[in-house]
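Data block below; observations after.
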Amino acid sequence: MGIFFKDYESAGPGIAKDAPKKKGAALYFELFGRKFWQIIGLNMIYYVFFIPLVLAFVLLLYKGSTNLQAALICVCIAVFAVLIGPATAGLVKVLKNYILEKHSFMFKDFFGAFRDNFKRAALVGILDCVILASCMASLSVYPQLAVVYDTRLMYVPMVITLSLGLMVLMMNYYVFLLIVGTDLTMKNIIKDSFFLAIIGLKRNLLSTVIVIVSAIIMTLMMLYIPSLFLLLITFIPMSIVWFTICFISYPMIQKHILQPYYEMIGEENPETAEESRTDEETIFVDMGGKEAPIEKRKKGKGKRIS
């Protein structure tokens with residue numbers, strides 16, 4: 001009954017500073033629950049940058065085919081391709097702060113990362129759109145060519161294209177995190193992302209399953225329950241999927257990129273400095289978990305002071 005009748009007049013001993021930190025799924029759900037509404041708000045900001053793609057889709061469904069219509073569709077798609085990368089960088093920047101349990105100003109950090117990483121993120125976004133279009137085209141073109149030429153060899157380039165698309169997808173789990181979190185050159189970001197996509201295969205496959213399942217669910221919902229799809233698409237999918245991806249992938253960056261770098265230059269990793277601080281370095285002592293509980297005041301008759 002504590003859910004409905006909470007006791008706000010008494011307090012427990014608090015939470016000890018040196019209490020064991022949650023890990024894995026327990027930490028994920030704790031962070032997710034704590035930041036749920038911020039993640040939803042972030043999702044709505046992110047979807048603003050999908051407006052050009054929606055306009056292109058609406059124009060595509062419009063009856064009639066004119067040069068102006070085709071030109072407008074191309075312009076909308078081009079604008080989306082340029083903006084989606086920087087928008088994803090902004091999204092990932094805020095989510096990374098949530099995962100590291102750092103304070104974040106949603107709008108300031110989102111648009112700050114959007115602006116500061118525009119060139120590199122835009123390049124990645126354009127390449128992603130080109131590769132995605134190639135994968136979708138391969139699913140349509142090569143099976144038809146296999147029928148026309150009566151040979152299964154036409155499925156070979158399709159498999160190669162889809163394999164390339166899968167590798168790029170797994171690299172994306174790290175590219176944007178490296179863009180917003182490091183000063184590496186674009187060449188090194190691509191190289192390190194490829195490296196992490198291979199050595200973190202188990203984590204990456206888990207993220208890929210989440211992406212694919214989410215896409216299938218939303219597609220089925222769009223086809224069979226469009227009203228529910230329109231309700232949920234605004235609030236839920238993208239930021240939650242990216243939050244999960246960042247949570248799964250960022251430890252790999254810490255372990256294989258950041259920690260070796262700080263060890264090489266002989267400095268302490270600022271992301272782990274707070275955790276490794278000794279008691280001697282602490283000025284004030286956190287008494288969480290040691291304080292005596294405050295008992296609830298007993299209600300009774302007393303004189304009212306007027």
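FYI, it's all coordinate maths here, none of it is from the lab. Predicted model only: the values in this text are computed from it and were never measured. Neighbour counts are summed over all protein chains in view; Cβ atoms, including those assigned to glycine, are modelled from backbone coordinates with ideal geometry.
Answer rounded, prolate or oblate for region 204-264, using the Cα gyration tensor with square roots of eigenvalues a ≥ b ≥ c: rounded when a/c is under 1.5, else prolate when a/b is larger than b/c, else oblate.
prolate
A simple count of charges around I199, restricted to other residues whose Cβ falls under 15 Å of its Cβ and scoring Lys, Arg +1 and Asp, Glu -1, yields +3.
Tell me the net charge near P143. Cut-off is 13 Å between Cβ atoms, P143 excluded, with +1 for each Lys or Arg and -1 for each Asp or Glu.
Details: positive: R152; negative: D150.
The answer is 0.
In region 43-268, with Lys and Arg counted as +1 and Asp and Glu as -1 at Cβ, which of these residues, P226, Q254, L59, has the Cα nearest the positive end of the dipole, that is, farthest along it? Sorting the options by dipole projection puts first L59.
How would you rank 23-29, 169-175, 51-57, highest first, on the average number of other Cβ atoms within 10 Å across their residues?
Details: 23-29: 11.0, 169-175: 24.3, 51-57: 15.7.
Peptide ranking by packing, descending: 169-175, 51-57, 23-29.
What is the packing order of peptides 258-268, 75-85, 35-45, taking the mean over residues of other C-beta atoms within 10 Å and listing the highest first?
Details: 258-268: 11.3, 75-85: 19.2, 35-45: 16.9.
Highest mean packing first, the order is 75-85, 35-45, 258-268.
Please compute the net charge surrounding M186, taking Lys and Arg as +1 and Asp and Glu as -1 over other residues with Cβ under 12 Å from its Cβ. Local net charge: +2. Compared with the alpha-carbon gap, the fully stretched path from L223 to I160 is longer by 19.7 nm at 0.36 nm per residue.
With the largest listed first and rounded to whole Å, the semi-axes of the equivalent ellipsoid of region 62-173 from the Cα gyration tensor are 35, 21, 9. Each residue of region 118-131 was assigned a 3J(HN,Hα) from its phi angle through the Karplus curve 6.51 cos²θ - 1.76 cosθ + 1.60 (θ = phi - 60°); the sequence is 4, 4, 5, 5, 5, 4, 5, x, 5, 4, 4, 5, 5, 5 Hz, with glycine and proline shown as x. With kT/(6 pi eta Rh) evaluated at 20 °C and eta = 1.002 mPa s, and Rh the Kirkwood radius from Cα pairs, region 120-248 diffuses with a coefficient of 129 µm²/s according to Stokes-Einstein. Ordered from longest to shortest, the equivalent ellipsoid semi-axes for region 43-268 are 32, 23, 17 Å, each the square root of 5 times a Cα gyration tensor eigenvalue. Pairs exceeding 27 Å between alpha-carbon atoms, taken from K23/K191; K22/K191; K21/K96; K21/K108: K23/K191; K22/K191; K21/K108. Across region 251-256, coupling constants 3J(HN,Hα) worked out from phi with the 6.51/-1.76/1.60 Karplus curve, θ = phi - 60°, read x, 5, 5, 4, 6, 9 Hz, and Gly and Pro carry x.
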